Structure formats: structure tokens, C-alpha cells
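The values are calculated or read from the model by the stated rules, or taken from the named source; none is laboratory data. Given the structure is predicted, the values throughout are model-derived calculations rather than measurements. Neighbour counts run over all protein chains shown; Cβ positions are idealised from the backbone, glycine included.
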Amino acid sequence: MSRNLHKRPARAGSRISRRTFTAGVGAVGLLAGTAPFNILRAQGGALKVGVLLPRSGVQAGIGQDCQRGVEIAPGIFKDLGLPNLTIMNGDTESNPQIARAQAEKLINEGAQLLVGAFDSGQTTTIAQVAEQKGIPFVINIAAAPPITEQGYKFVFRNFPTAPTILGDAFANQKEVFESGGSAPKSVAFLHVNDTFGTAMQKGIDAVMPKFNMPYKIADTISYDPKARDLSVEVAKAKATGAEALLVVSRLNDAILLTRELVKQRWSPMAVLSMGPGWYEDQYLKTLGKLSDGPLSFVPWYDPNKKLSKQLEAALKKAHPDVNLNTNHIYTFEALLVAADAFKRAGSADPRALADAIRKTNITENVSTGPGIQFNEKGQNDKLKNSAIQNRDGKLVTVAPKAASNAKAEWPMKPYDKRG
């Protein structure tokens, strides 16, 4: 293309204000000498991606952690030969209705694709807006099954549903039990009563019987993720005589639960988590040695993959004290899906982008499993999950064996024996 094309005045409405840029993610022209990128530039430059996360409110820590996955993406995309993205930030404030309003706001301001939003309730409202407006929405994290069961044409999820998380969790738990030489005979199940926690609780009844687990659930105890005191819940769980805890938590309540376990002098054989909270850096740093031992059975990354090592190195350079985790991995991969589709579509037209996303076939990725593809419902149903363990302020992968880098320490060391 001629140089004169790039000197033409910008089309009305095509300029982006500085406020729409993510800190540290500027609009940098990539590989401008190749034909596909000249085409993209002629049609308006970088793809405008609205990233919706809970940057404030009860889930602020997690939303801010997801943002790190956004910040380290540009350099890696450049190495992969992918086009640049212009990031437009939106804060859901940990509230589904605000998430809806923010999605509408970003679209009105020019967002051509949306990414978000960690929480299933917030993601559900964004999906409704995206479908109504005909704007592609790539979900980074959200596990409630109904999101991709609505027949949506513009909604895509590269994250496992609650039943998949549960199924892989039970399979990986059995692998850990076998490796450790013993298994709990009973567990107390504590879970948050939000959209994700409730979906997981319902899923257990349907999925657990298929795996012939060695333990029975002594009691199921739900609680508000905003709770500031969980002493009653822990006391009730302890009273069951269960040998281990099965939990679906968030960050703040995971810290509260651990402190209550120590306070009430209860050291279960294991803490088996099927959600966020227990593996997050704030949990590790806040509790120190008391954070060691919990096993999280969650969507994770294969530490042996080339791109995983590249992502881990980029995060370490930008944030030396932060461990790579689910929040970074799947937020990065959501943007990877967007950049890959934009490159293949050669256009920011919403329908062209959606068509390109449906044809996604990314085999060089980060998450556990064979890669990123979407079925007719817009769901990546080929994802696998992992078992990870907190160890000396770090996270090691202990199952499945093909995607692991350590063996589980089993059982968990009692809290009163940690010095």
C-alpha cells in the first residue's frame, strides 16, 4: 500500500482519547511492512478491546491481578507476530448491574470486542449486552454453564464450565491420593453463595457420583463471600469430624477460613479447593508459612509449554514478586484469541471477528490441554484442569502427571508444627 494512504485524515469517530489506553499498553504499530497489517491499519488501526474487570469492590484484588495479564500481553504478541490491541478499561465494581452499564458504555465509546469479567454473575450481564449489540465477547474467566447455553452468536468462552472443573478436580484428587498413599474418608464442604459457588455446589451432586470418590461429604455449609467472620462456619465444619475440607472460595474468605482453622486448632488432612482464593499471591503473602499446603484443583497452565515459560518470564520481569496464576493465564489467552482472530479476519467488523473466532485453532497456548478451539456453543470444551499446591510462597503443579512439575506433599503439615 502507498504511504499516502496513511496520511489521509482520520475518519470521524475513529480517534481514541488517552483515557481509553491501558497504562503501559500504547498503540504500537507491529510488522507494518506486511500486507495483512497494512490492511488492518487502513481500516482504522489497532482493534479496540474493552476489558471489563472488577477493579474495585469485594473482588478488586482479583480484578487487578487479571489486569497484569493484560499488561504483559503486548510484548509477547509482538514476538508472535500478532497485531496490536488498544485496551479500553472498564470497572464492574464487583457488581453485575454495573458490569452491564460499563459494557454498554465501552461499546458506545467505540469498543469493537469485549473481554471479561472473572465473575459469572457479572459476565452473564455483559454477555447479554454483547449479544444485543452484536459485539464479540471473549470470556476470560467465568464458569457458570448457562452462559454458553443461551444460543448466543457473539459470546465465546476459553474457560471450563463448573461441571468440567468438578470432573477434572475429582480425577486429579484421586491421582494425588494415589500418589500420597492415603485419602480422606469424609470432608466438610464450605462454599460461597455467589453465582459460581452455587453452580459448583449444584454440580457436585451430579458429577461426584461418577468418580467413586473415597470420601463422603459430612456437611455442606454456604456463606456470603463478603462475610468478615467465619468462626461459626468453621466450628460447624470441625464439629462434623471430617478429615478434610472441600472448599469453593474467594480471596478474602480463604484468608478468613485459614485464620479460623488456626484459631480453632483444627488441622485437617487437606484443604481441597475448587476455585480461586487459596493460590493467590495475597493469600500467600498475608499468611506466610500458614499458606503452605492447600491443594487447588483449578483451570491452570501447563508449565512445560513454551508459551507458558514465555508468559511466566514476562510476568516475572514486570512483577518480580507475583506468581503466574489463573487470573493472568486466562486473561492473556482471551486477548490472544482476540488478536489471533483480528489478524485472520483482516477487519474489526464485528461479524467478521465473530466468524474468525469460531474458526480459532491455537495450538501454541498456555492453559492445560491441547489448545484453543470453540464448539458450536462458543465454548472451548477441550480444556483440562490441574492440581496445584502452595509451597514456600510458590505454586507447583502436581497433577495431571503429563502437565506437572512436582509431587504433592501429602498430607498437609499441621498448622501448629510450622514454627
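Tell me the residue from GLY180, GLY116 that is touching a residue at least 12 places away in the same chain (Cβ under 8 Å), small (Gly, Ala, Ser) and surrounded by fewer than 24 Cβ atoms within 10 Å (Cβ to Cβ), please.
Exactly one of GLY180, GLY116 is touching a residue at least 12 places away in the same chain (Cβ under 8 Å), small (Gly, Ala, Ser) and surrounded by fewer than 24 Cβ atoms within 10 Å (Cβ to Cβ), namely GLY180.
Return the residues of the range 363-396 that are touching a Leu at 6+ places or on another chain (Cβ under 7 Å) and on the phi > 0 side of the Ramachandran plot; say none if nothing qualifies.
GLY369, GLY393
How many residues, within the range 382-412, are touching a Ser or Thr at 6+ places or on another chain (Cβ under 8 Å), among the charged types (D, E, K, R) and loosely packed, with under 15 Cβ neighbours inside 10 Å?
Number satisfying all stated conditions: 1.
Restricting to the range 266-299, give me the number of residues that are among the aliphatic types (A, V, I, L, M), under 22 Å from ASN385 (Cβ atoms) and over 21 Å from the mean Cα position of the chain (by Cα).
2
Just checking, how many residues over the range 83-97 are over 17 Å from LYS48 (Cβ atoms) and within 20 Å of the chain's Cα centre (by Cα)?
Looking only at that region, the number is 6.
Could you tell me which residue of the range 327-356 is surrounded by the most Cβ atoms within 10 Å (Cβ to Cβ), considering only residues that are within 22 Å of GLN150 (Cα to Cα) and more than 19 Å from the chain's Cα centre (by Cα)?
The selected residue is LEU353.
Please go through the range 254-282 and give me each residue that is within 23 Å of ILE329 (Cα to Cα), assigned to a helix (DSSP H, G or I) and at pLDDT 95 or above, ordered by number.
ALA254, ILE255
Filter the range 196-255 down to residues that are free of Cβ contacts under 8 Å to residues at least 12 places away in the same chain and of a type in the set (A, V, I, L, M) and give me whichever is farthest from SER267 (Cα to Cα).
VAL232
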